[in-house]
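I have placed the structure first, in the form of structure tokens, so that the comments after it can refer back to it.
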Amino acid sequence: MVLGWRRRKGNSKHSKGGKPVMMELVVPNHFRCPISLDMMKDPVTLSTGITYDRENVERWFEEGNITCPVTNQVVRNFDMIPNHSLRMMIQDWCVENRQHGVERIPTPRIPISPIEVAELLMQVKNSARRLDQYGCLELVQKMKKWGEESERNKRCIVENGAPVALASSFDAFANDSVERNVVVLEEILAALNWMFPLQLEAQKSLGSLASLRCMVWFLKHQDLSGKEKSIVALRELLSFGDVQHVEALSQIEGVNELLVEFINKRISPTITKASLRVVWYMVSSSSNCSEKMKLAFVELGLVSCLLDILIESEKSRYEKALAILDSLFSSEEGRNKGCWNDLTVPLLVKRILRVSPLSTDYSVSALWKLCKFGEKDEGRTLLEALQVGAFQKLLLVLQVGCGDETKEKATELLKLMNPYRAELECIDSDYKNVKRSF
């Protein structure tokens, strides 16, 4: 909010030479927040008697301050009393000066209290216990409306236990019937999407087999918006590293095929990025079935899908695609798929020192696994790497600096390539004309 407005006054007998006169409209000092010096939109008064704009003084206290910004007195009562008189004066002043371009500030809504949130959540739990989907739907929509009013309301809702209540309700309705309760389940999942990260208790409910089956069902049958909410929820859930959630998800029929399809078709940037992260969590987990998952993804053609991403997609997707390739190449089947795809080595070399330090680490690691353990004609992968300039790239990696593990792998790769250097001239190529593999 600006401190004043300027308007040009047209030709008049008071203007010299017909030139317009600049007139400035200044906001009265007592309309300004002492913290930001902007005109207040929601003035509230502290126990010290000083009035501030609610958003600014809340941020002041959230940053750890316990004193009044003006008086420097320690605030022992953090209640904020709305200053309705001052707010109406500001609104009247805005209306009086609207011809100068001043917009009237809207009347702020009263923020919700923790007690109101607690009462609503109790009703949500009771509705879920009775499997009253329409009653629960109405309550969740009310909560959503509260959250849309202000960021403060969202924080109040989250801090007073909404994620736990909603996740347990989601589990209850999913256990009953996904098809019968689809409307309320989708509404709950939409609300949970702005409450991440979840507390441990909420993770357990959302990570139950019934909840996971429901989210996978959404991925299969819902529209684009429903798919996005489900895949984002899965991404956030697996990000906590709970092996049980990974194992439970891997048991659901058709989930691997869906994830590969989303990565291949790229129907939405949100879905593609979240799917890449979900796959990464699955193949890189310490779960007993991680090797089985790697084999399943390899057989579904994920290696080719990831190589296509390295050719055509945005750079923001490269890092995770390289991370998954590196993980898949830990298995013999993954390395075989990589070795026999003519794009693998050129693309891995191209991405070294091109995207991010982490992408370089993944590229070097994946190349190292192919060259050292890949099953091809003896030295063929090494010769391919030399042809596309891998030797120079690896030398540069060592010069600019990298992690110890990457340094060891780059050094070993250089030693493996060195005997073949005399046979081939290294050609640095950007492979600008590389096409998708079909």
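The values are calculated or read from the model by the stated rules, or taken from the named source; none is laboratory data. This one's a predicted model, so the numbers in the text were calculated from it and none came from an experiment. Note: ideal-geometry Cβ built from the backbone for every residue, glycine included; neighbour counts use all protein chains shown. Surface accessibility is based on the protein's heavy atoms, side chains included, excluding ligands, DNA and RNA. Shrake-Rupley method; radii C 1.70, N 1.55, O 1.52, S 1.80 Å.
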Worksheet item: Under a plain spin-label model, where a point goes 7 Å from the Cα along Cα-to-Cβ, how far apart in nm are residue 292 and residue 414?
Response: 4.3
Discussion item. Under the 0.36 nm per residue contour assumption, what length would be gained going from the current alpha-carbon distance of residue 251 and residue 29 to full extension?
Written reply: 73.4 nm
Item to complete: Using the Karplus curve 6.51 cos²θ - 1.76 cosθ + 1.60 with θ = phi - 60°, work out ³J(HN,Hα) for each residue of region 269-283 in order, rounded to whole Hz, and write x for Gly and Pro.
Response: x, 4, 5, 5, 5, 5, 5, 4, 5, 4, 4, 4, 4, 6, 7
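Looking at this model, which pairs from 294/393; 144/229; 372/393 are more than 21 angstrom apart at the alpha-carbon? Kindly include the intermediate steps, with their values, before the conclusion.
Working: 294/393 29 Å; 144/229 15 Å; 372/393 18 Å.
Those over the limit are 294/393.
Count neighbours as other Cβ atoms within 10 Å of each site's Cβ, and list the GluC sites (Glu not before Pro) in region 172-270 that are DSSP loop with at most 11 such neighbours. Don't skip to the answer; put the middle values down first.
Values: sites: 179, 186, 187, 201, 228, 236, 247, 253, 257, 261; in loops: 179, 253.
Within region 172-270, the qualifying GluC sites (Glu not before Pro) (loop, at most 11 other Cβ atoms within 10 Å) are 179, 253.
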Practice prompt. Report the extension gain between residue 268 and residue 223 in nm, rounded to one decimal, defined as 0.36 nm multiplied by the number of residues separating them, less their alpha carbon distance.
Written response: 15.0 nm
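Between residue 180 and residue 373, what FRET efficiency follows from the Cβ-Cβ distance if R0 is 60 Å, with the result rounded to 0.05? Write out the running numbers ahead of the final one.
Working: r = 51 Å, r/R0 = 0.85.
It comes out at approximately 0.75.
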Discussion item. Calculate the FRET efficiency for residue 118 and residue 421 from the Cβ-Cβ distance with a Förster distance of 60 Å, rounded to the nearest 0.05.
Written reply: 0.25
Worksheet item: What Rg and what Dmax come out for region 53-199 when only alpha-carbon atoms are used, in angstroms?
Response: 19.8, 60
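Taking each pair of different alpha-carbon atoms in region 287-331 once, compute 1/r for the pair, average those values, and report the inverse of that mean as the Kirkwood hydrodynamic radius in Å to one decimal.
On the way: mean 1/r = 0.0917 Å⁻¹.
10.9 Å is the Kirkwood radius here.
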Worksheet item: Can you list the residues, at least 5 places off or on another chain, whose amide H is less than 5 Å from the amide H of residue 389, using H built in the peptide plane?
Response: 427
Fill in: Sequence-distant residues sharing a close amide H with residue 67 (under 5 Å, placed H)
75
Discussion item. Give me the percent of accessible area attributable to carbon and sulfur for the chain, probe 1.4 angstrom.
Written reply: 49
Fill in: region 197-214 - phi-based ³J(HN,Hα) in whole Hz, Karplus 6.51/-1.76/1.60, Gly and Pro as x
x, 8, 6, 4, 4, 5, 4, 4, 5, 6, x, 5, 4, 5, 5, 5, 4, 5
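Let me check against my output: what whole-number percent is the relative contact order of the chain, with C-alpha pairs under 8 Å and at least 6 apart?
Values: 555 pairs, mean separation 31.3, N = 438.
Rounded, it is 7 percent for the chain.
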Worksheet entry | Area projected by the alpha carbon convex hull of the chain, averaged over all directions, nm² | 32.3
Worksheet item: Can you work out the FRET efficiency for the pair residue 86 and residue 132, with r the C-beta to C-beta distance and R0 = 51 Å, to the nearest 0.05?
Response: 0.70
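Could you state the accessible area per residue of the chain in Å², with a 1.4 Å probe and every protein chain left in place?
Working: 22350 Å² over 438 residues.
Normalised by residue count, the accessible surface of the chain is 51 Å².
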Discussion item. Under 5 Å between amide hydrogens, which residues at least 5 positions from residue 402 or on another chain qualify, with H placed 1.01 Å from N in the peptide plane?
Written reply: none
Worksheet item: So how far apart, in nm, are the two label points at residue 100 and residue 358 if each is 7 Å from Cα heading toward Cβ?
Response: 5.1
Item to complete: Return the sequence-ordered ³J(HN,Hα) values of region 257-264 in whole Hz as given by the Karplus equation 6.51 cos²θ - 1.76 cosθ + 1.60 applied to θ = phi - 60°, using x for Gly and Pro.
Response: 4, 5, 5, 5, 4, 5, 5, 6
Item to complete: Could you tell me which chymotrypsin sites (Phe, Trp or Tyr not before Pro) in region 154-197 are loop residues by DSSP with no more than 14 other beta carbons within 10 angstrom of their beta carbon?
Response: 194
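How long is the gain from residue 196 to residue 342 if the chain were fully straight, where each residue apart is worth 0.36 nm and the alpha carbon distance is subtracted? Working shown, then result.
On the way: separation 146, 0.36 × 146 = 52.56 nm, distance 4.11 nm.
Length gained, residue 196 through residue 342: 48.4 nm.
Considering just Cα atoms, how many Å³ per residue does the convex hull of region 295-429 enclose?
Values: hull volume 12.7 nm³, N = 135.
Value for region 295-429: 94 Å³ per residue.
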Item to complete: Would you mind computing Rg(Cα) / (2.2 N^0.38 Å) for region 35-100, counting N as its residues?
Response: 1.22
Discussion item. Viscosity 1.002 mPa s, temperature 20 °C: what is the translational diffusion coefficient of region 143-216 from Stokes-Einstein with a Kirkwood Rh over Cα pairs, rounded to a whole number of µm²/s?
Written reply: 173
Response to the item:
For the chain, longest principal axis from Cα atoms; helix 114-129 axis from its Cα atoms; angle between them, nearest 10 degrees, is 50
